[in-house]
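Take a look at the structure set out below.
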Amino acid sequence: MANTENHIITVRTYLIVYAALIVLLFATVGGAMLPLGAMHLPVAMTIAVIKAVMIVLIFMHVYYSSALTKITSIAALLWASLLLAITLADYFSRGWLDIPGK
Amino acid sequence: MSAPAIDADHHADYLTEHTVKSWLLTGDHKRIGIMFMISVTIFFFVGGAAATLMRLELMTPKGDVLASADAYNRLFTMHGVIMIFFFLIPAIPAVLGNFFLPIMIGARDMAFPKLNLMSWYVYMIGGILGIWILIFGGVDTGWTFYTPFSTMYSNTMVVTAALAVFITGFSSILTGMNMIVTVHTMRAPGMTWFRLPLFVWSHYATSVIQVLGTPVLAISVVLVALERIFRVGIFDPALGGDPVLFQHLFWFYSHPAVYIMVLPAFAVVSEIIPCFARRPIFGYRFIAFSSIAIAVFSFLVWGHHMFVSGQSMYAGAVFSVLSFLVAIPSGIKVFNWTATLYKGSIRFDTPMLYALGFIGLFTIGGLTGLMLASLAIDVHVHDTYFIVAHFHYIMVGGAVMAYMGGIHFWWPKMTGRMYPEFWGKLSALLVFVGFNVTFLPQFLLGWLGMPRRYFEYRPEFQVLNVMSTAGASILAVGYLLPLIYLLLSLRHPRTAGPNPWGATGLEWQIESPPTSHNFHGPVLVTCEPYMYSPEEAEREYAHEQLVHNA
Amino acid sequence: MSSLSTTLEETALGRDVAPRRTETLLSPHFDNVEQQSNASILGMWFFLSTEIMFFSGLIAAYTIYRALSPEAFRLGSQHMHVWLGFFNTLVLLTSSLTMALGVRESQLGRRDGVVWYLVATAVMGAAFLGVKAVEYSMEIEHHLFPGVNFQVPAEDAEALAEISATPEELQTNLGRFQMMFVLYFFITGVHAFHMIIGIVAVLIMAALMKRNWFSGNGTTQIEVLGLYWHFVDVVWVFLYPLLYLIDLSGGH
């Protein structure tokens with residue numbers, strides 16, 4: 001149901017994922033050194049998300065887990081993004097009207 | 001549904017072992033439910049005592065009962081903190097949910113019995129801290145801990161209160177986690193999702209909110225504590241902070257929190273109505289899905305607490321629309337419960353009185369909630385008694401009545417004894433009447449402009465205030481009576497029998513009180529829930545007059 | 001008969017001489033081992049969900065303040081020790097690898113392998129914390145710990161003065177500069193707290209594994225521990241670029 005101990009991931013797979021993570025780590029630092037201006041944050045976050053997805057799918061076995069585990073692993077992230085997005089929307093939409101304090 | 005036949009010679013039940021150690025180290029979800037019941041009852045009466053003092057003070061326009069305005073601030077803060085965090089949030093899930101969820105799905109216990117016990121201990125630690133605060137000076141920030149008052153100006157035990165709330169939050173999280181995992185992994189064979197009692201669906205939805213929302217409360221109170229201790233200005237404008245950020249973080253949890261309080265109430269009502277109308281519930285899937293919808297939507301509306309706090313008007317408008325939408329699933333439930341009554345064979349036993357009272361009072365509370373969701377109205381009535389009346393209609397007229405109804409409905413199952421029906425009905429009526437006399441005038445007070453959290457008011461508000469206090473005294477009697485007769489009922493032998501109400505559901509197929517492991521053998525579920533029929537009802541109840549005359 | 005009862009008495013006295021079991025113990029409220037295992041893993045995932053939400057409040061505060069004062073945050077970030085952070089990220093990613101390999105060892109029933117990988121994980125976790133402590137002490141020394149001793153460095157104050165239109169705005173920007181450090185210390189502090197708990201848990205599990213305490217292979221328990229550890233790693237994967245790498249390009 002939630003996990004499948006039947007499938008044991010090979011050392012090779014783990015090492016490949018690890019190598020990819022290290023490469024992406026260098027990419028993150030490299031990206032920060034490029035003159036990307038406003039794109040720094042999206043680029044850094046994209047790379048971070050890719051790394052996180054790899055860790056979640058392979059190191060945490062979610063790729064081989066049930067649908068329930070997969071849903072659970074993204075549910076909280078969805079909720080966290082709700083908090084961020086809506087709160088940010090408040091801050092960014094302040095001052096759109098010419099009414100003081102609104 | 002089938003469960004193995006009850007072994008008439010088997011007298012040992014979950015209450016048999018008497019040692020203190022067997023209680024304090026139990027893993028039995030039923031015992032933990034009882035332990036929570038005792039704890040939440042104590043806190044209910046402590047919070048009620050605070051309310052009594054407040055209402056006494058508010059009988060006269062001037063401050064004369066209490067020593068100072070400051071004392072009044074501490075009183076309403078403690079009333080709110082205790083009632084919300086130590087009574088309403090745990091009450092139905094940790095008492096009735098803990099006791100009955102495993103039985104209703106055909107399991108022998110919750111998935112994590114030790115974590116269940118831990119949830120009680122954590123709750124008690126938080127609760128004792130709360131009592132400590134009460135004794136040693138209290139907090140005066142309001143249960144909402146708004147910054148910058150709580151972080152920069154209050155001279156009371158804010159950090160301790162933050163700690164108490166933080167700790168108690170873990171109890172809520174543990175209960176939620178336990179329930180979700182239990183429902184996913186421990187349903188008996190044949191217990192498909194759509195054969196689950198709606199009690200289970202609602203508690204599942206509640207648990208989702210508990211798991212996803214409570215941590216954000218935790219971080220908001222931690223940040224308040226941090227700012228007080230280190231003076232770092234997270235919410236201090238002079239240091240670049242924004243006090244409204246606290247409100248965003250706080251209400252992100254605290255709005256869904258009200259659904260933690262009301263969804264379990266829906267759960268109880270969904271069990272009582274079909275039983276006492278002898279009809280299957282109308283629109284089972286609608287009620288099930290609307291519970292999930294509420295759990296999700298409840299996270300999208302928190303800004304309706306912040307319409308006048310400095311939030312942008314656009315955000316306000318969006319939150320307003322979403323708040324209207326979140327009323328729809330609740331409305332669906334109310335329609336479905338009412339439709340369940342149609343062509344039913346209705347009996348006005350005590351649990352049914354509470355459940356029917358719930359439907360009426362929750363509807364009033366919900367409709368006034370829609371009024372508050374309108375930005376234009378809210379601007380005028382925010383921070384007045386209109387708000388106070390609105391949430392008391394839902395939390396007291398709703399959740400507390402459902403809790404009382406559930407306690408009465410399942411009392412014979414939990415204890416093996418029946419309560420006296422006359423006193424039960426009387427208390428239910430006293431609660432209903434007392435409640436309305438207390439809080440209906442408060443809608444008027446708020447509309448006329450009386451602010452909340454004030455201990456002095458303009459003389460023209462006195463008549464309504466006196467009415468409200470009078471109602472509160474009736475309400476108090478209505479709550480004290482059950483405490484007495486329920487405790488007294490424990491002196492009688494355990495003659496209630498497994499199913500005094502003729503109800504469906506796995507919990508009614510086992511003994512009263514249940515044995516330690518609930519069932520005597522494997523459980524197999526073969527039919528739908530709520531298989532009631534009115535025709536049978538007439539025949540059945542003729543037999544059961546004996547039980548109700550206890 | 002009497003020798004059998006003597007043996008039983010002896011084993012009853014000492015935990016260490018418990019008979020070897022190869023069957024995982026089943027708690028009475030579960031129907032089978034698979035159900036028990038699934039429940040444990042699902043439970044840990046829900047716990048991790050609560051942890052994500054806990055951090056999300058802090059990330060929300062960080063996101064908002066950074067969005068409102070990007071320059072103040074960028075200047076603050078310049079004071080982070082990029083390469084120490086890099087080393088830490090490397091160490092943590094490697095510890096995730098050893099943790100995953102440790103889980104794999106438990107799936108294969110190789111207890112010694114589990115112990116080895118768990119200890120390696122704990123050592124790397126400790127190294128992470130050591131470097132963090134060094135970073136903190138350097139930052140405290142440079143008056144970058146928020147509170148009464150906090151001082152905005154002169155060049156940063158000047159840079160902020162240039163971009164601030166009014167004195168109020170400058171005051172806000174200076175406040176937000178400190179805010180960056182408030183959030184940095186608090187978020188990494190909470191993260192470090194979770195690391196400490198993780199390291200202690202890993203060492204306890206390693207010790208229990210070494211003493212053959214688990215019935216069966218202890219696979220579920222190690223897997224559950226692994227989930228926690230990987231989660232703490234994933235959090236850091238986001239924290240590193242957010243706090244250390246806002247903009248290293250120099251020109252702006």
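Readers should treat all values here as calculations from the given coordinates under stated rules, not as data from a laboratory. Please read these numbers as outputs of a predicted model, since none were measured by experiment. Glycine gets a Cβ as well: all are built from the backbone with ideal geometry, and neighbour counts include every protein chain shown.
With the Cα gyration tensor of chain A giving a ≥ b ≥ c as the square roots of its eigenvalues, does the rule (a/c under 1.5 for rounded; else a/b larger than b/c for prolate; else oblate) give rounded, prolate or oblate? Verdict is oblate for chain A. In this simple spin-label model, placing a label point 7 Å from the Cα along the Cα-to-Cβ direction at both B:F230 and B:I42 gives a separation of 3.6 nm. Legend: helices of chain B (whole DSSP H runs) are marked when their alpha-carbon atoms reach 24 angstrom or more along the helix axis and their mean Kyte-Doolittle hydropathy is at least 1.0; marked are B:29-57, B:113-135, B:158-185, B:198-230, B:243-277, B:313-341, B:350-373, B:421-448, B:462-489. Of all the options C:L93, C:L25, C:L48, the one that moves most in a Gaussian network model of chain C with Cα springs shorter than 10 angstrom is C:L25. Structural descriptor for chain B: relative contact order 20 percent, calculated from alpha carbon pairs under 8 angstrom and at least 6 residues apart. With a simple spin-label model that places each label point 7 Å from the Cα along the Cα-to-Cβ direction, the separation between B:H380 and B:R347 comes to 4.8 nm. Peptide C:63-69 shows a mean partner chain C-beta count of 5 within 10 Å per residue C-beta. Pick from C:I222, C:I204, C:I163: which residue has the top mean-square fluctuation in a GNM of chain C where Cα pairs under 10 Å get a spring? Looking only at C:I222, C:I204, C:I163, the largest GNM fluctuation is found for C:I163. Under a straight-distance cross-link criterion of Cα-Cα below 19 Å, which lysines are reachable from A:K70, leaving out those fewer than 8 residues away in the same chain? List returned: A:K51. Note on chain B: with charges restricted to the Cβ of Lys and Arg (+1) and Asp and Glu (-1), its dipole about the Cα centre is near 140 debye. Kirkwood hydrodynamic radius for segment B:1-125: how many Å is it when counted over pairs of different Cα atoms? Evaluated on segment B:1-125, it is 17.2 Å.
Note on chain A: with a GNM built from Cα contacts shorter than 10 Å, the maximum mean-square fluctuation among A:A89, A:A52, A:A20 falls on A:A89. Any idea what % of Cα-Cα pairs in segment B:52-180 are farther than 25 Å? I get 38 percent for the Cα pairs in segment B:52-180 exceeding 25 Å. Taking every Cα-Cα distance in the protein assembly as shown and sorting them into 20 Å bins from zero, the calculated P(r) comes out as 14, 43, 34, 9, 0 percent. Counting only Cβ charges, +1 for Lys and Arg and -1 for Asp and Glu, the dipole size of chain A around its Cα centre is about 80 debye. Extending 7 Å from the Cα toward the beta-carbon at both C:T24 and B:K62 defines two label points whose distance is 7.3 nm.
Quick one: pull the percentage of alpha-carbon pairs in segment B:162-298 with a separation above 26 Å.
Details: 3456 of 9316 pairs.
It works out to 37 percent of all Cα pairs.
With helices as the sole contributors, chain B gives -21000 deg cm²/dmol at 222 nm; each DSSP H run of n ≥ 4 counts as -39500 (n - 2.57), and the sum is divided by every residue.
Annotation: amide H of B:L524 within the under-5 Å range of B:S2, sequence separation 5 or more or interchain, hydrogens built in the peptide plane. Expressed in Å, the radius of gyration and Dmax of the Cα atoms of segment B:240-380 are 17.4, 64.
In what sequence do C:V82, A:V11 fall when counting other Cβ within 10 Å, fewest first?
With the sparsest Cβ surroundings first, the list reads A:V11, C:V82.
Helix content alone sets the calculated 222 nm mean residue ellipticity of chain C: runs of n ≥ 4 DSSP H residues at -39500 (n - 2.57) each, divided across all residues, give -26000 deg cm²/dmol. Near B:T384, the amide H atoms lying under 5 Å from its own belong to B:R452; only residues 5 or more places off or on other chains count, and H is placed 1.01 Å from N. Counted over all Cα-Cα pairs of chain B, pairs farther apart than 48 Å make up 9 percent. Round to the nearest 10 and give me the degree value, 0 to 90, for the angle of helix C:219-239's Cα axis relative to the longest principal axis of chain C. On a 0 to 90 degree scale, this one is about 10.
Checking every one of the trypsin sites (Lys or Arg not before Pro) in segment B:289-360 against DSSP loop status and a limit of 12 other Cβ atoms within 10 Å picks out B:K343.
Listed by Cβ neighbour count within 10 Å, with the fewest neighbours leading, B:R491, B:R458, B:R108 appear as B:R491, B:R458, B:R108. The angle between the Cα long axis of helix A:11-33 and the main principal axis of chain A comes to about 20°, on a 0 to 90 degree scale.
Counting neighbouring beta carbons within 10 Å and listing from fewest to most, the residues C:E168, C:E105, C:E34 come out as C:E168, C:E34, C:E105. Helix C:82-107 and the longest principal axis of the Cα set of chain C meet at an angle near 20°.
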